[in-house]
Amino acid sequence: MSMKLIWSLCSCIWLVMAISTLAQTSDDSNAVLDTAGQALQSGVDYYIQPAITDNGGRFTLINRTELCPLYVGQENVSGPKGLPVTFSPFVEGETVVREGRDQKITFSAVTICVQSTTWKVGETDQDTQRRLIGTGEDENQSLPGRARNYFRITKQATPDGVYNLEWCPTEVCPTCRFICGSVGAIVENDKRLLALDGSVLPVVFERA
């Protein structure tokens, strides 16, 4: 085998390895990071909490006027309370939680309510006209792939490690035209509920 052919083969192998390395680096750069700077992993428990103090505490399950159903909300004050969640990417086999990708978010909790603890876009609050974030499996047959159960995480420009939660499940249905929205909080009867279509609540993720 001539030296020229060997050099050509080596160059091709190097090029393939370089492209693979760049792709992997790009994938890693899209990972959502926890407060320790580590990539979020699917199936692992994390607490979600406000990035800014005095904006309530960790995320938890809250009822409104009756015991059931349960909604996604916050502890009223910062502290050790709250319930952890797990993330389940829409892309089959994905183990890393990535920015701008559809994920199911589920509280790691057992309740007396006969319903899933997976997040879901729920009904519109009559006073604020904001869509509440409830829990349960999406049974809306007009939307494909249980679309109301899928949320995504987007990175804020600054500082590092601070994110917004959004609902815009275009991986679930690329051809659908959703009225997308970012997750924020509303206060109702001294309870902090999460909802779309208003102020945004920047968050961070802490491994449980």
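No lab work stands behind these numbers, since they all come straight from the coordinates. As the structure is a prediction and not an experimental result, all values here were calculated from the model. Virtual Cβ from ideal backbone geometry, glycine too; neighbours counted across all protein chains shown.
Structural remarks
- For the chain, the longest principal axis of the Cα atoms and the long axis of helix 3-29 meet at an angle of about 10 degrees.
- Magnitude of the charge dipole, the chain, Cβ model with Lys/Arg +1 and Asp/Glu -1, debye to 20: 320 debye
- The chain - mean residue ellipticity at 222 nm from DSSP helices (-39,500 (n - 2.57) per run, n ≥ 4, rounded to 500): -4500 deg cm²/dmol
- Shape summary: region 32-207 maps onto an equivalent ellipsoid whose semi-axes, from the alpha-carbon gyration tensor, are 21, 21, 16 Å in decreasing order.
- Taking 0.36 nm per residue of separation and subtracting the current Cα-Cα distance, fully stretching the chain between Ser78 and Asp160 would add 27.4 nm.
- Estimated distance in nm for a label pair at Phe178 and Ser42, the labels positioned 7 Å out from Cα along Cα-to-Cβ: 1.7 nm
- Label point distance in nm, Ile52-Ser88, each placed 7 Å from Cα along Cα→Cβ: 3.4 nm
- Compared with the alpha-carbon gap, the fully stretched path from Ile112 to Glu66 is longer by 15.3 nm at 0.36 nm per residue.
- Order by protection proxy (mean Cβ within 10 Å, highest first), peptides 89-99, 115-125: 115-125, 89-99
- Sorted by Cβ density within 10 Å, fewest first, the residues Ser199, Ser42: Ser199, Ser42
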